[in-house]
Amino acid sequence: MSRYLLAASLIALSAATAHAETVTVASPDGRNIVTVDSDKLTYAVSRDGKAVIDPSPLGLNLDIASVGAGAQYTNHTGIEVNETWDIVVGKADTAPDHYNQSDLAFTTDKGFKFDIIVRAYNEGIAFRYAVPEQPGVSDFKVMNEATQFNFPKDYDCWGANMGRFDSSFEAEYDQVKASKIRNFNNYMAPLVCKTGDAQTTFAIAESDVKDYPGFYLSGRGDAGLGVMVTLPPRFDNDRNFRFKQSVSAKVHMSGKGFQTPWRAVMLGDMPGDLTASTLIPTLATPSQIKDTSWIRPAKTSWDWWNDWALDMPNAGINTETYKAFVDFSKEMKLDDILIDEGWSVGSDIEPNPAADVTKAKPVVDMPELLAYAKSKGVGVWLWVQWQQLDNQMDAALTQYEAWGVKGIKVDFMNRNDQEMVDWYHKVLEKAAAHHIMVDLHGAYPPNGLARTWPNYITQEGVLGAENNKWSARITATHNVTLPFTRMILGPMDYTPGGFRSLTPADFRTQQRYHAPFVQTTRGQAVAMYVVYDSPFQMVSDSPDAYKNADGTWADGAEFIQQVPTSWDETRVLAGDIGQYIVTARRKGNTWYIGAMTNEDGRTIEVPLSFLGQDEYSVHVRQDSADVNHLTASDITVDAGKSLTLTLAPSGGAVAVIAPNAKGKKKIKAVMK
């Protein structure tokens, strides 16, 4: 992944004297401003002159020092950086890294030195704590943080309160008033709020987490408006918290100093600005993989969601079944197959020390299967439980590389304490050494790690389509809340592709585990492939779901075959949290539009001003009279026109837009 300079950068901005009490950092466009009171050690954030975050405490509680108010301010230095970086796979081909930064230095009354680094981007602000190398300081412990985000008013927010430290990080992002967020709550990132000034929206998140736990957000201890950072304890803590203070992180300086993760506030004029933002990965450490040519986006068939629902004798975990999935992937123009839980010796969702993830069960001839898949030009991914993999990591990854496995889906970590964060870095680094891509499930929310290790191509940490098998939680409202909440942080393995639609009323009486139903329309099913970010994207239903009785492709199947999973550009054209969304993504000179709505049907006029000066051909597929069919239409447009989309309740639509000179020919190939 390359990083190249766009303008004269690293410009020295200022150097303050020790008596200065406030330091101001403004974004390049001047709209976002962070003000740090170096005496009280608080910060505040404003946008367009209006307060977003009121003065809020900064600080860390260490076993050897207290980092916070009362420390002596020494000085600050400032720089401007204006670069871009290349995205290996994702929502765009490049991302800006343009910010102003100030590094404020402090010393406690006992001589302990620390810095607070503050950045202001056009897309938001961020800050982190740093401990430089200094005599007498080698190892120390972080007990907790004193970081707060105080609100000037009672914002409307959306968040997922996990209520605990061990979870799969899957939940609805419910709307909540800031005044109702309690001190005992544990909201995972992001917490998204509207300021009440037009559609201005912000989100609190984190990035570049390493040698440290992930965070949660809890209500303030004094019951004031806002939230504070809560850190999970290390897993090796003495669980007798009643008598011993828990440790959140053990820090080893090792001659390189120490930095906490970035605490970020994403900012936009509308909720969709956060959806299109690349701020979280931009804040992360650049790629640690020099040659990324083997990391490629893909679509895959998958056995587990449809419960091995193939029309063949003895369908299940065996060689012939997976050959059938290979054949389906080939016919459906998919890149891969994903073999889920059950293929390896002792496979289980629990640790199982007797398991052997280097060996397939006798019913699966892995060399024969891999050879067959290779002959068809189809790749293979394997599922593995994380502790079973950890027990045999080097041997397993060596075996998978020898077999020719493209990637692994690792599951059930369900924690974000410091030890688990370290394990993520470990498995991604080791997998990269074997040219193996990774999809983590039971995973904590994205925090930029996919930039550092771009073989981390997608992840779960989302309440996704699997829940259709046993609950009615996956509603249209939930589906159009995710793009403005969970997805603003990074890719999500929601696992779309359910092609057996029912109305919500019918879904509750006909729900099933095998060949499951969804309670949203075919239009919404195909729109997810544009709206949802995931460079490794599931096509989750059984092969027969994508065919009509006469053997022709079902409505929308050919669109799935052709739609990309990695993009050159992403724009959110319209939408609101939990209401609807219209997303436009560009690949080359072709635009793809996906629209989704909640339980309310609506007609949307989509502005096309983002198009160039050419005339364009547009092929539209949108909801039909019933939930399992689409209607098709073709029109010609230019940038001065709009596109009318009619969405059924719980529905959606897609459109393919290409320059008219070759647009009609290309669209005919994409959507017959």
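Answer rounded, prolate or oblate for region 272-328, using the Cα gyration tensor with square roots of eigenvalues a ≥ b ≥ c: rounded when a/c is under 1.5, else prolate when a/b is larger than b/c, else oblate.
Working: a/c = 4.15, a/b = 2.25, b/c = 1.85.
It is prolate, given that a/c is not under 1.5 and a/b is the larger ratio.
Do any trypsin sites (Lys or Arg not before Pro) in region 131-232 lie in a DSSP loop with no more than 10 other beta carbon atoms within 10 Å, and if so, which?
Values: sites: Lys141, Lys153, Arg164, Lys177, Lys180, Arg182, Lys194, Lys210, Arg220; in loops: Lys153, Arg164, Arg182, Lys210, Arg220.
Taking region 131-232 and a limit of 10 other Cβ atoms within 10 Å, the loop trypsin sites (Lys or Arg not before Pro) found are Arg164.
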Relative contact order of region 435-507, please, whole-number percent, based on alpha carbon pairs below 8 angstrom and at least 6 residues apart. 33 percent
The alpha-carbon center of region 165-207 and that of region 297-349 are separated, in whole Å, by 37 Å
Go ahead and run the numbers for FRET between Gln134 and Ala26, Cβ-Cβ distance against an R0 of 35 Å, rounding to 0.05. 0.70
Run the quick spin-label model on Val363 and Lys426: label points 7 Å from Cα toward the beta carbon, then report their separation in nm to one decimal. 3.3 nm
Within region 174-206, list the chymotrypsin sites (Phe, Trp or Tyr not before Pro) lying in a DSSP loop whose Cβ has at most 15 other Cβ atoms in a 10 Å radius. Phe184
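Per residue, how large is the accessible surface of the chain? Use a 1.4 angstrom probe and give square angstrom. Spell out each step's value before the answer.
Details: 24520 Å² over 672 residues.
About 36 Å² of surface per residue is accessible.
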Give me the distance in nm between label points sitting 7 Å out from Cα along the Cα-to-Cβ direction at Ala223 and Val345, one decimal. 6.1 nm
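So if each residue of separation counts as 0.36 nm, and I subtract the Cα-Cα distance between Arg182 and Ala198, what length gain in nm does that give? Walk me through the numbers before you get to the answer.
On the way: separation 16, 0.36 × 16 = 5.76 nm, distance 2.69 nm.
So the chain would gain 3.1 nm between Arg182 and Ala198.
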Using Cα pairs closer than 8 Å and at least 6 residues apart in sequence, work out the relative contact order for region 459-592, in percent. 24 percent
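Got the relative contact order for the chain handy, in percent, Cα pairs under 8 Å and 6 or more residues apart?
Numbers: 1789 pairs, mean separation 75.5, N = 672.
Relative contact order here is 11 percent.
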Using a 1.4 angstrom probe on heavy atoms only, work out the carbon and sulfur share of the accessible area of region 274-392 in %. 49 percent
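Using a 1.4 angstrom probe on the protein heavy atoms only, could you order Lys256, Lys299 from most to least accessible area?
Working: Lys256 145, Lys299 15 Å².
Output order, biggest surface exposure first: Lys256, Lys299.
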Among bridges DSSP assigns within the chain, what percent are antiparallel (round to 5)? 85 percent
Please give the Cα centre distance for region 543-597 versus region 83-110, rounded to the nearest Å. 32 Å
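Note the count of lysine pairs whose C-alpha atoms are less than 16 angstrom apart in region 356-467, limited to pairs 8 or more residues apart or on different chains.
Numbers: Lys374/Lys406; Lys376/Lys406; Lys406/Lys430; Lys409/Lys426; Lys409/Lys430.
Value for region 356-467: 5.
Apply 1/(1 + (r/R0)^6) to the Cβ-Cβ distance of Glu80 and Thr636, taking R0 = 30 Å, and write down the FRET efficiency to the nearest 0.05.
Numbers: r = 45 Å, r/R0 = 1.51.
That gives a FRET efficiency of 0.10.
So if we plug the beta-carbon distance of Lys333 and Ser246 into 1/(1 + (r/R0)^6) with R0 = 30 Å, what FRET efficiency do we get, rounded to 0.05?
On the way: r = 52 Å, r/R0 = 1.72.
So the FRET efficiency works out to roughly 0.05.
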Gained length - Ser471 relative to Ala51, 0.36 nm times residue gap less alpha-carbon distance: 147.1 nm
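The values are calculated or read from the model by the stated rules, or taken from the named source; none is laboratory data. Being a predicted model, the structure only gives us computed values, none of them experimental. Neighbour counts are summed over all protein chains in view; Cβ atoms, including those assigned to glycine, are modelled from backbone coordinates with ideal geometry. Ligands, DNA and RNA are excluded from the accessible area calculation, which covers all protein heavy atoms including side chains. Shrake-Rupley method; radii C 1.70, N 1.55, O 1.52, S 1.80 Å.
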